[in-house]
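> Sending over a structure as structure tokens; questions will come in a sec.
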Amino acid sequence: MKKLWDDCDEDGRKMLKKMGLTLVLLILANFLTGVAAVMLYGMAYLIIGFDVLKEAVEGLKGGKVFNENTLMAIATIGAFSIKQYSEAVFVMFFYKIGELFEDIAVKNSRSSITALLDIRPDHAWLKLGNAVKETSPEKIKVGDVIVVKPGEKVPLDGIVTDGSAYLDTAALTGETKPSFVKEGDKVLSGTICKNSTLEVRVEKEYGESTVAKILEMVENASEKKAPTENFITQFSKIYTPLVVFGSILLATIPPLFFGGDFTNWLYRALVFLVISCPCALVISIPLSFFGGIGAASRAGVLVKGSNYLEALTHVKTFVFDKTGTLTKGKFAVTKVLPNEGVSETELVFLAACCEQFSPHPIARSIVDYYDGELKKGDVSDSRELVGLGVSANHDGKTIYCGNAKLMRKVLPETKLPESEIGTQVYVAYDGKYVGSLEVADVIKEDSKEAVSDLRTASVQKIVMLTGDARKVGEGVARELGLDDVKTELLPQDKLEEVEKLKSKLDDQDKLAFVGDGLNDTPVLAQSDVGIAMGALGSDAAVEAADVVLMSDEPSAIVRVMKIAVGTRKIVWENISFALGVKTIFLVLGALGIAGMWQAVFADVGVTVLAVLNSLRILYGQKDSSREISDKVKAHA
């Protein structure tokens, strides 16, 4: 009972008190007769059912004649009119129990989504000289420097200019492991500074910041309904008037034309009304989708509407961008190939020495790969050779680092190895070829696993579209086991390829595109389901997408697809169960076999069971999502 009390909000606790008082009055009325008993039953009915009666009257005034409140009011007042006092009160009592369970369920399922609202920053500390001033985040401008203290939320996106700290990114990515940031690193609003003070130069105003965009997506998610939800809404508009008129006919036609007790047929009609209430469908179906969106957000995936959650269950073709989506989007040394008589350590040292003053991303990746300290005195006369590479002097001898053109110019007779999926950086020293380093855009740790898991999730075709060179694109596709790859594509070319793939699908099948860059925006918008890498992706890509992966892990796609399939399964379980039980009890009620107590089960009982079933998607995915996340961390 304490757990029930704790799960309720203020209105729920008031309702529990009303329920307790209603039960006391019912017990007392059971020991009385005559007018005294009727008065106690009436008091109990008004205490527990006043809200329903009030909403029924307001619905009638507003033109909403056929709703569950109207049905319950007619049925219970009718029960009072034929002196079924206790049944009238208990029907209303159990109806309110159903509403209470619904409110608790909605509160619990909403918690995973509304927890994101806690990332909204309350204030920002604006640095003014040597002082700081508490300011509203909306008033901070691009270029301002803000101070983030331990335990506070980062209020705006920016670059760390001073300090280092661990950030809690769980609210954005679902990742429980803190992320370490230092001077020069990017920080996102909504993360929490854990252990020390940071100074951050603001890069985006509040309205364009990560936290503002996430909150906007969350608040708008419930507006985009799935086809199943829309079907149930339309179904209820037709179904409810039909059963009301059916109950009127049941109460009047048999006694008028076939004889019999009018009170008996009126009782059957009232039972028919209670049974027919569509609460189970109207409540549990949206709640199931809401729970699915909540489960996805708990797994670090933002779904912008239940229509996209349902669409994911029909995706048969997945199209991926390469850079920043299946790969990390930054260069790293993947292979070291020393020539005979040269050690790997010596080769890497010579290459790093030569490249240490070059700003080129490939040069920086080689310097980062060297596990040692480089000194400016190690080399002299460092020069950029435009279109070829870099040269420098070390110990009076020349080092050359660059492409095949450079090596053919310096050492024309040397046979050079070719790269499979990356760029080959060749190194010569003292007039001799000493080896090469393969530098490539590194494939994400979980990309291969994600592709494999998608195949087991009924996805029929997985394609990659990239602007990279054919050799690089084909190498990545081969390593990941993709069905097809198109390379050297411009943004408009990607759009044409997606249109071709969509034209080959059946009407009910869908295509999903996964990308992260600005050039992916048209394709994301054109796809049936656009999926953006949210943490590192461009603002335009996140804006155009229907689903945003906050962790930038391809494996998160598999997670959200499992959630989507689980949600659809529960939705149809609830539809089948509710309609099946109600059909049986409607027939039994019309025949006079089922009474008011059976009607209560057919309405309130089915609603409670459907609501509890809807919550399985929220809590059933918690452990499985964590297991998948743990696997990804283990690979990392």
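> Go through the residues of the range 399-417 one by one and say whether even a single one is outside the structural domain of V472 (by TED's automatic domain parsing), farther than 23 Å from G324 by Cβ and small (G, A, S).
yes
> I'd like the full set of residues that are assigned to a helix (DSSP H, G or I) and surrounded by 17 or more Cβ atoms within 10 Å (Cβ to Cβ), limited to the range 368-377.
Listed by number, the list holds a single entry, Y369.
> Are any of the residues in the range 23-32 assigned by TED's automatic domain parsing to the domain that holds F80, in contact with a Ser or Thr (Cβ under 9 Å, 6 or more places away or on another chain) and modelled with pLDDT of 90 or more?
The answer is yes, given that some residue of the range 23-32 is assigned by TED's automatic domain parsing to the domain that holds F80, in contact with a Ser or Thr (Cβ under 9 Å, 6 or more places away or on another chain) and modelled with pLDDT of 90 or more.
Residues checked against (1) in contact with an Asp or Glu (Cβ under 8 Å, 6 or more places away or on another chain); (2) at pLDDT below 90:
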{"residue": "N393", "(1), (2)": "yes, no"}
{"residue": "Y400", "(1), (2)": "no, no"}
{"residue": "L416", "(1), (2)": "no, yes"}
{"residue": "I421", "(1), (2)": "yes, yes"}
{"residue": "V427", "(1), (2)": "no, no"}
{"residue": "D430", "(1), (2)": "no, no"}
{"residue": "E445", "(1), (2)": "no, yes"}
{"residue": "L454", "(1), (2)": "no, no"}
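> Still on this structure, please answer the following. Taking the range 378-394 only, how many residues are out of contact with any helix residue (DSSP H, G or I) (no Cβ under 7 Å at 6 or more places or on another chain) and not in a strand (DSSP E or B)?
Residues in the range 378-394 being out of contact with any helix residue (DSSP H, G or I) (no Cβ under 7 Å at 6 or more places or on another chain) and not in a strand (DSSP E or B): 2 in total.
> Output the number of residues of the range 280-316 satisfying the condition of being β-branched (V, I, T), part of a helix (DSSP H, G or I) and within 13 Å of V560 (Cβ to Cβ).
1
> Next question. Taking the options I593, I584, I570, I575, name whichever one is in a helix (DSSP H, G or I), on the phi < 0 side of the Ramachandran plot and surrounded by fewer than 20 Cβ atoms within 10 Å (Cβ to Cβ).
Only one candidate qualifies: I584.
> Still on this structure: If you check L281, L302, L309, which single one turns out to be buried (at least 18 other Cβ atoms within 10 Å of the Cβ) and at pLDDT 85 or above?
Answer to the selection: L309.
> Among the residues of the range 456-489, which ones are over 22 Å from V442 (Cα atoms) and out of contact with any Lys or Arg (no Cβ under 9 Å at 6 or more places or on another chain)?
Passing the criteria: only T456.
> Quick check on the range 166-193: of everything there that is within 24 Å of S136 (Cβ to Cβ) and of a type in the set (D, E, K, R), which residue is modelled with the highest pLDDT?
Here the residue is K186.
> Moving on to the next point. I'd like to check which strands (runs of 3 or more DSSP E) are fully inside the range 430-506 and have at least 1 residues that are surrounded by 15 or more Cβ atoms within 10 Å (Cβ to Cβ) and small (G, A, S).
Of the strands (runs of 3 or more DSSP E) lying wholly inside the range 430-506, those with at least 1 residues that are surrounded by 15 or more Cβ atoms within 10 Å (Cβ to Cβ) and small (G, A, S) span 432-443.
The values are calculated or read from the model by the stated rules, or taken from the named source; none is laboratory data. Here the structure is a predicted model, which means the values were calculated and not measured. Cβ coordinates were reconstructed from backbone atoms using ideal geometry, including for glycine residues, and neighbour counts include every protein chain displayed.
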